[in-house]
Amino acid sequence: MAAADRGRGAGAPAGAPLLPGAAPFELGAGGPVGVLLVHGFTGTPQSLRQWGDFLAAAGLTVRCPLLPGHGTRWQDMAQTGWRDWYGAVDEAFGDLRARCDQVFVMGLSMGGTLTLRLAEERGAEVAGAVTVNPSLGTDRRVARLAPLIARVRPSIPGIASDIKATGAREVGYDRVPVRAFVSLMELWKVTLPDLPRIVSPVLTFRSVIDHVVEPSSGRLLLAGMTAAPVTERLLPDSYHVATLDNDRQAIFEGSLEFLRAHAAAPAPGAAAAPGVADVDV
């Protein structure tokens, strides 16, 4: 499969223009190892495009869908919830799984949460998972009032572009739909207790300073992973959107090293998968 971009996606309602750079993408030459990338809450595939380019250059088949309600206007996202977002991720995984011998899943922020949920539900079908600042809860007490706030205030100031690097910008909404945030909290409630169900290896990156996701989410992940190996790597020079920040190369190279370490060996006499055994990082 030649490198290609998809013009729209399930996340874009008919007639709603996409934000510049928000389109989903597929990259790579159709190699036997696939990578599903999952963007974050109110974000878009733009935040993962550099990561996708790096992995595709290593010979991997890469897909990054646009989650429902994202990439257009926050009002569209207010009409969606975590089951819509997870459904799009599960569908994209199934498509890649049908075309690739094995598939790794990697996500940023809520995309990391959805990655973990997919590993819980799909089991050993997920060859491995990589998360960057995944959210599993919040220490902010006001969050408990979100269901009540949603009745009187449809949105609050946005969280996009929490980036330390000068000049870097994330394409995302400048408002957070409160109803969607309430649904995100529901995703936390179903994902957190099921972490022991994950049997796939997990590599997680955590920014030392993150103004969106607190360190408690990292602690919850490490404590909850009891049936599979989990490794945490700290990012000392990035904020929340670390895939666009100063430590991005460490994420790109670390995720590829993780994939190479956990990809299944080819059958005797078969060629090694591109990007798994032969690529230099």
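The values are calculated or read from the model by the stated rules, or taken from the named source; none is laboratory data. These figures come from a predicted structure and were not determined experimentally. Here the Cβ positions follow ideal geometry from the backbone for every residue, glycine too, while neighbour counts run over all protein chains shown. Ligands, DNA and RNA are excluded from the accessible area calculation, which covers all protein heavy atoms including side chains. Shrake-Rupley method; radii C 1.70, N 1.55, O 1.52, S 1.80 Å.
Averaged over its residues, the chain has an accessible area of 41 Å² per residue, based on protein heavy atoms and a 1.4 Å probe. Rounded if a/c is under 1.5, else prolate if a/b is larger than b/c, else oblate: which is the stretch 70-210, with a ≥ b ≥ c the root eigenvalues of its Cα gyration tensor? Prolate.
Averaging 1/r over each pair of different alpha-carbon atoms in the stretch 18-61 and inverting the result gives 10.9 Å, the Kirkwood hydrodynamic radius. As a fraction of the 1.4 Å probe accessible area of the stretch 21-164, surface on carbon and sulfur atoms comes out at 49 percent. Which residue, 214, 91, 253, tops the fluctuation ranking in a GNM of the chain built on C-alpha contacts under 10 Å? Result: 91 has the largest fluctuation of those listed.
When the square roots of the Cα gyration tensor eigenvalues are ordered a ≥ b ≥ c, the ratio a/c for the stretch 147-266 is 1.5 or more and a/b does not exceed b/c, which makes its shape oblate. Note on residue 156 and residue 199: the model spin-label points, each 7 Å out from Cα along the C-beta direction, lie 3.9 nm apart. Close amide H pairs (under 5 Å, H built 1.01 Å from N) link residue 176 with 156, 158, residues at least 5 positions away or on another chain. In this structure the amide hydrogen of residue 102, modeled in the peptide plane, comes within under 5 Å of the amide hydrogens of 34, none closer than 5 places in sequence on its chain.
Between residue 101 and residue 165, residue separation times 0.36 nm minus the direct Cα-Cα distance comes to 19.3 nm.
The antiparallel fraction among DSSP beta bridges confined to the stretch 25-262 stands at about 20%.
Relative contact order of the stretch 25-262: what whole-number percent is it, with Cα pairs under 8 angstrom and at least 6 residues apart? Please list the in-between numbers first.
On the way: 528 pairs, mean separation 51.4, N = 238.
Relative contact order, the stretch 25-262: 22 percent.
With the cut-off at under 19 Å, measuring from each backbone N in the stretch 79-107 to a point 7 Å along the Cα-to-Cβ line of residue 264 picks out 93-106.
Once you sort the root eigenvalues of the Cα gyration tensor of the stretch 25-262 as a ≥ b ≥ c, which label holds: rounded (a/c under 1.5), prolate (a/b larger than b/c) or oblate (the other case)? Rounded, since a/c falls under 1.5.
Considering only 166, 226, 115, the mean-square fluctuation computed in a Gaussian network model of the chain, springs between alpha carbons under 10 angstrom, is largest for 166.
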